[in-house]
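Read through the structure below, which is laid out as structure tokens, and then see the notes.
The values are calculated or read from the model by the stated rules, or taken from the named source; none is laboratory data. Here the structure is a predicted model, which means the values were calculated and not measured. Backbone-built Cβ (ideal geometry, glycine too); neighbour counts: all protein chains shown.
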Amino acid sequence: MLIQTEQGLNEWRLRRHQLRRWFWIYLAIAATSAVLFILSFQSRDPYIFAILLAIPLISLRQAWRMDRQIVECDKHIRAPIITEIKEKP
């Protein structure tokens, strides 16, 4: 079981906030590049097609990774908090 102090809890909250921000940035990049990909069907250049397909896929992968890290932060945040540390005799 995870046990931590109040200071450690604040660090996990800050990390979760940063991860959520990056999660939404990656989703915005994925949505924008997916729209560009759909609009580029008129182009017959395979390189542009491949690049415009790779960008949303990579962005979705990064968003998924951020989501998994957010879940891990939530596990740490929900862990019991130590208010005072006792030494063993």
- Query: Of the residues Ala54, Ala63, Ala28, which is assigned to a helix (DSSP H, G or I), surrounded by 12 or more Cβ atoms within 10 Å (Cβ to Cβ), touching a helix residue (DSSP H, G or I) at 6+ places or on another chain (Cβ under 8 Å) and among the small types (Gly, Ala, Ser)?
  - Reply: Ala63
- Would you please name the residue that is surrounded by the most Cβ atoms within 10 Å (Cβ to Cβ), looking only at residues in the range 1-25 that are over 22 Å from the mean Cα position of the chain (by Cα) and part of a helix (DSSP H, G or I)? Glu6
- Message: Quick check on the range 43-51. Is at least one of its residues crowded, with 17+ Cβ neighbours inside 10 Å and touching a helix residue (DSSP H, G or I) at 6+ places or on another chain (Cβ under 7 Å)?
- Response: no
- Just wondering, is there one or more residues in the range 73-82 that are outside any helix (DSSP H, G or I), on the phi < 0 side of the Ramachandran plot and without any contact (Cβ under 8 Å) to a residue 40 or more places away in the chain? yes
- The number of residues in the range 29-46 that are aliphatic (A, V, I, L, M) and at pLDDT below 90 is 3
- When residues of the range 31-42 are filtered for being in contact with a helix residue (DSSP H, G or I) (Cβ under 7 Å, 6 or more places away or on another chain) and surrounded by fewer than 17 Cβ atoms within 10 Å (Cβ to Cβ), how many remain? 2
- Query: Does Arg16 meet the test of being over 30 Å from Pro80 (Cα atoms) and among the basic types (Lys, Arg)?
  - Reply: no
- Query: Can you name the condition, by its number, that Ser33 falls short on among (1) more than 21 Å from the chain's Cα centre (by Cα); (2) farther than 30 Å from His76 by Cα; (3) in contact (Cβ under 8 Å) with a residue 24 or more places away in the chain?
  - Reply: (1)
